[in-house]
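> Below is the structure I would like to discuss, written out as structure tokens.
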Amino acid sequence: MEIIALTLSGLALFYASSMRLVNPSKANFLQTYVTKSENKLAEDVDLLNEIRGVGAVMLLGGIVILLGTIMPALRLGSFLVAVVIFLGVVFGRLISFGLDGRPNKDVIKGTFAEIVISALNIYCLVNQFMN
């Protein structure tokens with residue numbers, strides 16, 4: 001169960017963050033914003049830099065999580081990283097739902113997936129301490 005949780009978490013984070021790092025203008029939130037012709041943020045160097053910066057942090061988090069699948073000594077740390085990242089994203093999204101309103105259906109679907117991944121990692125983290 002632990003290896004599955006870390007693999008799913010690490011691959012999800014690795015994929016999403018590497019896409020932001022490689023091609024930040026294709027990020028879902030940015031694409032939603034630039035569908036209005038008056039918005040030109042897809043070409044904003046400062047915004048692209050911010051997206052890549054956060055993408056790199058998340059990518060490194062994904063690598064640490066994946067390392068926990070092959071290095072038992074890193075497993076506890078990998079679960080901690082996974083819980084902090086995924087639960088942090090869920091917490092931020094839920095605050096946004098309350099303050100900013102309902103986002104598009106892709107963001108909502110992503111939030112449900114992040115909730116499931118968060119719960120799975122919390123369960124595995126608790127089991128790490130119980131054993």
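> I'd like the full set of residues that are open to solvent by 40 Å² or more (accessible area, probe 1.4 Å) and among the polar types (S, T, N, Q), limited to the range 44-86.
Residue satisfying the conditions is N49 alone.
> Another one. Please go through the range 112-131 and give me each residue that is buried (at least 18 other Cβ atoms within 10 Å of the Cβ) and without any contact (Cβ under 8 Å) to a residue 60 or more places away in the chain, ordered by number.
Within the range 112-131, E114, S118, L125 meet the criteria.
> If you don't mind, another one. All but one of (1) in contact with a helix residue (DSSP H, G or I) (Cβ under 9 Å, 6 or more places away or on another chain); (2) open to solvent by less than 70 Å² (accessible area, probe 1.4 Å); (3) not β-branched (V, I, T) hold for G92, so report the exception by its number.
Exception for G92: condition (1).
The values are calculated or read from the model by the stated rules, or taken from the named source; none is laboratory data. Fair warning: this is a prediction, and the values are worked out from it, not measured in the lab. A quick note on method: Cβ atoms are made from the backbone with ideal geometry, for glycine too, and the neighbour counts reach across all protein chains shown. These accessible areas exclude ligands, DNA and RNA; they are computed on the full protein's heavy atoms, side chains included. Shrake-Rupley method; radii C 1.70, N 1.55, O 1.52, S 1.80 Å.
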